[in-house]
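Take a look at the structure set out below.
The values are calculated or read from the model by the stated rules, or taken from the named source; none is laboratory data. Here the structure is a predicted model, which means the values were calculated and not measured. Glycine gets a Cβ as well: all are built from the backbone with ideal geometry, and neighbour counts include every protein chain shown. Accessible surface areas use protein heavy atoms only, side chains included; no ligands, DNA or RNA. Shrake-Rupley method; radii C 1.70, N 1.55, O 1.52, S 1.80 Å.
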Amino acid sequence: MEKELLISKEEIQKRVEELAEQISTDYRGQEPIVIGVLKGVIFFFADLVRKTTLSTQIDFIRAASYGSGTTSKGEIRITKNVEVPVAGKPVILVEDIVDTGATLTHIIENLEQKGVASLRVCTLLDKVERREKKVRIDYAGFEVEEGFVVGYGLDYNEKYRHLPDIYILRDDMS
Ligand code: PRP
C-alpha cells in the first residue's frame, strides 16, 4: 500500500478553525457537553475543542462492532460509555469519520435514551457514498470518497494514526 496525501495539516487546521467558529456562534451562551467517539477522533477533538470560545465539558464514548460481514458492520456495542451526566444538556457528538452511519446511529440512540436536551453531530470526514443508515450531520469538515483514509487519528490496522496530515492508501498495483 502506498499512501498519497489527501488533506494537508494546514488545510485540516483551517477547516477545524472554521468549524469551531461556527459551533461557537451556534452555541453562544450555552455550555455544551462535547463527546468524542474514540479513538480515531482524538486529534480532531483536541484541536476543535481548544478552538471554540465556549465553556464546554468534555467526555468520550467508544463503540465496537462484532461479527461484521463484508457489507455491514455487524452488531455494534458501546464498550465505554459517557461518564458526565448528559440529561437535559446540549450535546455535540464528534467523530473523525462517518462511513455507513451504523456507529453513529447506535451512539445517538444511546445518548437520546439518556435524555439529552439536544444533540448535534460534527465529523471531520464524511464518506457520503458509503452511507447505509440515514444520519443527520450538522457540521462536516470534508467529504471524502471511498478508500482507506489514514492519519490525524485515523488508522489502517492501528497504523498511521500519529501522522499530522491525512492520506489515502492506494494499492501498489493500481
Ligand atoms: C470508525 C470511525 C467511526 C466509525 C464509522 O471507527 O471513527 O466511529 O468507524 O464507521 P460507520 O459509519 O460505518 O459506523 P473505528 O471502528 O475504525 O474505530 P477507531 O476510531 O478506534 O479507529
Inset, instruction - Run down the aspartates and glutamates and flag those whose C-alpha is under 19 Å from the C-alpha of K89, throwing out any fewer than 8 positions away in its chain. - result: D26, E31, D59, E109, E112, D138
Legend entry - Equivalent ellipsoid semi-axes, the range 72-174, via Cα gyration tensor eigenvalues times 5, rooted, Å: 28, 14, 14
Legend entry - Rough spin-label spacing in nm, given labels placed 7 Å along Cα→Cβ, for E2 and K114: 4.5 nm
Legend entry - Cross-link pairs K3/K134; K133/K159; K39/K159; K51/K159 - those with Cα-Cα distance over 21 Å: K3/K134; K133/K159; K51/K159
Inset, instruction - Express as a percent, rounded to the nearest 5, the fraction of DSSP beta bridges in the range 2-170 (both residues included) that run antiparallel. - result: 40 percent
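Put H162, H106 in order of accessible area, largest first, 1.4 Å probe: what do you get? Don't skip to the end; give the middle numbers.
Details: H162 135, H106 60 Å².
Final ranking, largest accessible area leading: H162, H106.
Under the 0.36 nm per residue contour assumption, what length would be gained going from the current alpha-carbon distance of E10 and F148 to full extension?
Gain on extension, E10 to F148, equals 47.6 nm.
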Inset, instruction - Wrap a convex hull around the Cα atoms of the range 25-68, take a quarter of its surface area, and give that in square nanometres. - result: 3.8 nm²
Inset, instruction - Could you work out the longest stretch of the chain that avoids the GluC sites (Glu not before Pro) located in DSSP loops with at most 12 other Cβ atoms within 10 Å? - result: 1-82
Inset, instruction - Name the residues whose placed amide hydrogens come within less than 5 Å of the amide hydrogen of F142, ignoring near sequence neighbours (fewer than 5 apart) on the same chain. - result: L125, D126
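Rolling a 1.4 Å sphere over the protein heavy atoms, what is the accessible area per residue of the chain, to the nearest Å²?
So the chain comes to 54 Å² accessible per residue, rounded to a whole number.
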Inset, instruction - Mind pulling the per residue volume of the convex hull built on the Cα atoms of the chain? Å³ is fine. - result: 111 Å³
Inset, instruction - For the chain, with all protein chains present and a 1.4 Å probe, just round the carbon and sulfur fraction of the accessible area to a whole percent. - result: 47 percent
Legend entry - the range 2-170 - percent relative contact order, Cα under 8 Å, separation 6 or more: 25 percent
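How long are the semi-axes of the equivalent ellipsoid of the range 11-105, taking √(5λ) for every eigenvalue λ of the Cα gyration tensor, in whole Å from largest down?
Working: eigenvalues 136, 55, 21 Å².
In descending order the semi-axes read 26, 17, 10 Å.
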